[in-house]
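These notes are about the structure you will find just below.
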Amino acid sequence: MASVTLQQLSKRFGEFIAVHAVTCEIADGEFVVILGPSGCGKSTLLRLIAGLEDASDGKLLIGGREVTHVEPKDRNIAMVFQNYALYPHMSVYDNMAYGLRIRGMSKAEIEARVQKAAAILQLGSFLQRKPRQLSGGQRQRVAMGRAIVREPEVFLFDEPLSNLDAKLRVQMRVEIKKLHDTIKTTGIYVTHDQVEAMTLANRLIVMNHGKVEQIGSPIEVYTNPASAFVAGFIGSPAMNFLPASAGADGRSLAVGGLKLPLSAGTIDASRPVTFGIRPEHLAPGPGPWGELPLVVELVELLGADTLVHCRLEGGNDTLVVRLPGTVVPKVGERLGVHPVPGSFHVFDGETGRRIAVS
Ligand code: ATP
């Protein structure tokens, strides 16, 4: 196991900057998930760590040793890919053993490592099968087995579950979590699936346009998003945003006819600001500061919850409210809601950075 240190790590393709000065210290044994929309640079960042792309600038250290321009095979990492990358003509056993044979490892040591990995991944009864005789989930387990037998210092995962159906993804997600709890090797995992990210990560690196937007534990990122981008990207349904304006004192916010006090931060009254609140933090009825008048436009019954899509009365701004599944408002009905105290965010309208909270 080893720590991974990224210092101002950058990658340019010609004029285009795919990864922009990323700095992060990943602790020994930590499981970090790189999350962001398509094209944000997350796979490129992982490929820089793997050595499959050469860094344009910055430094990379694994276990304290600088490896910025070291060959992938000399980095002591193992990577699991989305498309499994198994050898179709080899058995499961040989797929796992192949890399070890190439390194000249003894037969007995290979046997011990493959059997140990097969036991961890419950592949014992499939060892003589070919990949085509396995389900997608089993193939992905073999791909992980091939990484495990190498006993690397760091595991890198590039969207390993995206070829699986929804149910299998959930199962494999749980297996990856158990696997990390068992072997505790440092892991870096790329995904655009926020549920996968939230459930697997010790810490998240949220990226946008090649830059890090925020690094933090899933709960920190969810409850204290550093920017409107992070707030809108993490959470489903997404955070609601409404245009707002600062009170003259800079300590309150005017939104949808309400005047809301701020508990932290001040707002420059000359700047545009955006009010952000999660669907679960809008409660029916008037709160301490009055209520937002909404008109119900669409109701989604999810069983445990009801998602109510609404429009702010007299305007075009829309909001989603999450209510208990027992509450079923009718389309066209008026619904008054209030922001739960201590639950809303204020973002700078131009930079998107969070500047204040209730
Ligand atoms: P996805 O989820 O769609 O895989 P990603 O966040 O992993 O997206 P990357 O694959 O890292 O994104 O790509 C980041 C940006 O860099 C994209 O705009 C992509 O077009 C660009 N890019 C990646 N590889 C190259 C390359 N070899 N040459 C030029 N541009 C590239």
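May I ask you to list the residues in the stretch 47-81 that are of a type in the set (A, V, I, L, M, F, W, C) and not in a strand (DSSP E or B)?
If the condition is that a residue be of a type in the set (A, V, I, L, M, F, W, C) and not in a strand (DSSP E or B), then LEU48, ILE49, ALA50, LEU52, ALA55, VAL67, VAL70, PHE81 are the ones that fit.
Residue-wise test of (1) within 16 Å of the ligand (Cβ to nearest atom); (2) crowded, with 16+ Cβ neighbours inside 10 Å; (3) outside any helix (DSSP H, G or I).
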| position | (1), (2), (3) |
| --- | --- |
| ALA97 | no, yes, no |
| ALA108 | no, no, no |
| GLU111 | no, no, no |
| VAL114 | no, yes, no |
| MET144 | no, yes, no |
| ALA147 | no, yes, no |
| LEU156 | yes, yes, yes |
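Within this structure, LEU9 fails the test of being within 16 Å of the ligand (Cβ to nearest atom), in a helix (DSSP H, G or I) and not polar (S, T, N, Q). Which residues, taken from the stretch 241-265, are surrounded by 15 or more Cβ atoms within 10 Å (Cβ to Cβ) and under 30 Å from the mean Cα position of the chain (by Cα)? Scanning the stretch 241-265 gives PHE241, LEU242, ALA244, LEU262. Scanning the stretch 164-183 for residues that are under 13 Å from ARG141 (Cβ atoms) and either within 16 Å of the ligand (Cβ to nearest atom) or hydrophobic (A, V, I, L, M, F, W, C) (or both) gives LEU164, LEU168, MET172, VAL174, ILE176, LEU179. THR351 meets all of the listed conditions (1) among the hydroxyl-bearing types (Ser, Thr, Tyr); (2) under 22 Å from PHE229 (Cα atoms); (3) at pLDDT 95 or above but one, namely (3). A single member of PHE229, PHE233 is within 30 Å of GLY137 (Cβ to Cβ), within 16 Å of the ligand (Cβ to nearest atom) and touching a residue at least 60 places away in the same chain (Cβ under 8 Å), and it is PHE233. The residue of the stretch 53-90 that is surrounded by the most Cβ atoms within 10 Å (Cβ to Cβ), among those that are within 13 Å of the ligand (Cβ to nearest atom) and at pLDDT below 95, is GLN82.
Residue check: HIS209 meets all listed conditions (1) within 16 Å of the ligand (Cβ to nearest atom); (2) buried (at least 16 other Cβ atoms within 10 Å of the Cβ) but one, namely (2). Within the stretch 14-36, the set of residues being in contact (Cβ under 8 Å) with a residue 12 or more places away in the chain and either touching an Asp or Glu at 6+ places or on another chain (Cβ under 7 Å) or near the ligand (Cβ under 7 Å from one of its atoms) (or both) comprises ALA18, GLY36.
The set of residues in the stretch 188-206 being more than 27 Å from PHE16 (Cβ to Cβ) and crowded, with 22+ Cβ neighbours inside 10 Å consists of GLU196, LEU200, ALA201. The set of residues in the stretch 184-203 being away from the ligand (no atom under 16 Å from the Cβ) and either among the aliphatic types (A, V, I, L, M) or modelled with pLDDT under 95 (or both) consists of LYS184, THR185, MET198, THR199, LEU200, ALA201.
Residue count for the stretch 37-74 under the criterion of being in contact with a helix residue (DSSP H, G or I) (Cβ under 9 Å, 6 or more places away or on another chain), closer than 17 Å to VAL154 by Cα and in contact (Cβ under 8 Å) with a residue 60 or more places away in the chain: the result is 2.
The values are calculated or read from the model by the stated rules, or taken from the named source; none is laboratory data. Everything numeric here is computed off the predicted structure, so don't read it as measured data. Positions of Cβ are backbone-derived with ideal geometry, glycine not excepted, and every protein chain shown enters the neighbour counts.
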